[in-house]
1. Would you mind counting up the charge near Ile23? Only other residues with Cβ under 15 Å from its Cβ, with Lys and Arg at +1 and Asp and Glu at -1.
2. Modelling each spin label as a point 7 Å along the Cα-to-Cβ direction, I'd like the Thr69/Asn47 distance in nm, to one decimal.
3. Cα-Cα over 21 Å: which of Lys137/Lys171; Lys40/Lys137; Lys45/Lys171?
4. Glu72: net charge of surrounding residues, Cβ under 14 Å, Lys/Arg +1, Asp/Glu -1, itself excluded?
5. Full-extension gain between Asp28 and Ile55, please, as 0.36 nm times their residue separation minus the C-alpha to C-alpha distance.
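No lab work stands behind these numbers, since they all come straight from the coordinates. Keep in mind the model is a prediction, meaning the values are calculated, not measured. Because the Cβ atoms are built from the backbone with ideal geometry, glycine has one as well, and the counts that use them run over all protein chains shown.
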Amino acid sequence: MLKNIIIGTLLCFIWGCATSPVIVTDSDSNYDLSSYKSFKIEPPKINNSVETISINPILIQRIERALETSLESKGLRSMDEADLVVRFYIGTQREVDRSLDLGSSYGYYGRSYLDSRDVKFIRVEEDEISIRFHDSKSDDVVWYAFTRFKRSKNLSDQDAVNSLIEEAVAKF
């Protein structure tokens, strides 16, 4: 009995620690999303400026393929003259995190105290994807999704991109 409780608690803990990206979505209630039957994807334009040098053009192609697959699985058709124009943007948020190692030392008369022995600065990069569905007639945004995810090697895999985009578009 105790063994089952421990295993159950451990599984709940492991399941709770599994992280998936938080996807924020929003839609304009003035538009009926079920009325859209076709889509056209417009990928971001990459120019030769310093701001876009770190954007991976292969990742853009993977996202475009994943969007096309996800939208077609929802019953929409890809067309040049579509009712829905899909645009997506990729960015990178760079931060510096600080970690602190508190250690104990001994001072005068053998009394211990806490001091900061080691401060580490860690550069953290999070990629961001913004997906916007525009009404082709008015160019208004009718649906929006945004997510941040940690850059990892598995995003160089089409399957990883497919699952991220599929999770986002599932809320459409």
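1. Values: positive: Arg132, Arg148, Lys150, Lys171; negative: Asp26, Glu126, Asp127, Glu128, Glu166, Glu167.
Surrounding charge for Ile23 is -2.
2. Reported label-point gap for Thr69 and Asn47 is 3.3 nm.
3. On the way: Lys137/Lys171 23 Å; Lys40/Lys137 13 Å; Lys45/Lys171 26 Å.
Check vs 21 Å cut-off fails for Lys137/Lys171; Lys45/Lys171.
4. Details: positive: Lys37, Lys40, Arg65, Lys74, Arg77; negative: Glu64, Glu68, Glu166.
Local net charge: +2.
5. Numbers: separation 27, 0.36 × 27 = 9.72 nm, distance 2.96 nm.
Gain on extension, Asp28 to Ile55, equals 6.8 nm.
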